[in-house]
1. Regarding Y339, is this residue under 29 Å from L131 (Cβ atoms), touching a Phe, Trp or Tyr at 6+ places or on another chain (Cβ under 9 Å), modelled with pLDDT of 95 or more and surrounded by 14 or more Cβ atoms within 10 Å (Cβ to Cβ)?
2. Taking the conditions exactly as written (crowded, with 16+ Cβ neighbours inside 10 Å, touching a helix residue (DSSP H, G or I) at 6+ places or on another chain (Cβ under 9 Å) and either aromatic (F, W, Y) or at positive phi (or both)), does F323 satisfy them or not?
3. Could you please find all residues in region 310-334 being outside any helix (DSSP H, G or I) and either under 19 Å from W285 (Cβ atoms) or under 22 Å from the mean Cα position of the chain (by Cα) (or both)?
4. Looking for whichever is crowded, with 20+ Cβ neighbours inside 10 Å and hydroxyl-bearing (S, T, Y) here; the options are Y267, Y241, Y279. Which one fits?
5. Can you list the helices (runs of 4 or more DSSP H) lying wholly within region 183-288 that have 2 or more residues being without any contact (Cβ under 8 Å) to a residue 40 or more places away in the chain and farther than 30 Å from M107 by Cβ?
6. Among E120, E172, which is part of a loop (DSSP other than H, G, I, E, B) and at pLDDT below 95?
Amino acid sequence: MLPRQFSINRSGIILSTIAVIVTLFLLLRLTDNGDTRPWSSRRKYPLKPPSVGPRRSESQIYTQQERALIRRKPRYAITSTIQTGSYTAMGLMLGYSIQKYNDLAAMDAELVMLVRSSGENSVSAENITRLEKVGWRVREAEELEFENVDTSQIRSHHRHNLNKLHVWSWTEYERIIFMDADTICKGSLSELWEMPGDFAAAPDVWWDILTDNRFNSGLMVLRPSAEEFRSLVKHVSDPNYHSPNDADQAFLNTYYRFRYFGLPYKYNFNLIMYQFHRYYWDLLWDEAVIVHFTVRKPMSDPNEHCHKGCNEWEPMEWYGMMFREMLAFYGWENEIPLYA
């Protein structure tokens, strides 16, 4: 039988050992940051506490290509095209105005700009960056070529317009709204997604014709189709559809004759009405959604700005006001001249 003193000492050793184990356990719980895994796992794959560094953003975890795959593609696209660098400022204005009056996320749509980035008077890398800042997803496409068609015969300011046919090949979208870069948005585009058929456009206007049975291709609503794209490219080479010096509008009017859905004037409110059909311009201005600067373009040279006394001074001053607002919003007052 062990002596009484030894029994007391043994009990003290056991109690001390238990106290040490409990203390170590409590210390580990204080430093495990809520990690309930086995100790061996925590030691091998430690978790950094939040204070060690910021949480990595999605851009740090995934590459740009991976993020593009993860992100769901919008159903719709609102598109435009800039084929000459001089139209870039108007493309910036268009993108700003669309987003001012439309919630693209709620609409399940995105802005897509088709540009020509090579060749004479093409869109520069600096301006592509600006377009992206405004919200455009920029797509570059090669110049379309058509059998037996000499595009040099087309009027210089319309020479590259047939490239807009590219948008029919963008079949990742259910529907596309196409707007010329010299248009500006002042209302909701939501109704356009509900238009019936595969192609819709608004009537053209001339100085002597208010109601034309032909449409203006500055605003189009279309359903993309690879088959339709191939058919369009093929028919440009057909002299029954395309004359040597014609661009996109005359060709598309022939191609879609008798089978397009007509849109109200408000979706392609033509500037020519201001001078030659003023009564109807004033009557319809409040409900206009898209204003098309056809007969006069916004200019950067102050000497060419349209002030009181010129034929279109009120709409041009309104455009200048909107452009100034856009410059202030993006902080471009000292980088880009005022267009008006």
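1. Answer is yes for this residue.
2. Judged against the criteria, F323 is a match.
3. C310, N311, E312, G331, W332
4. Within the list Y267, Y241, Y279, the selection yields Y267.
5. Per the criteria, 226-236, 248-255, 278-284.
6. E120
The values are calculated or read from the model by the stated rules, or taken from the named source; none is laboratory data. Quick caveat, the model's predicted, so the values are computed rather than measured. Neighbour counts run over all protein chains shown; Cβ positions are idealised from the backbone, glycine included.
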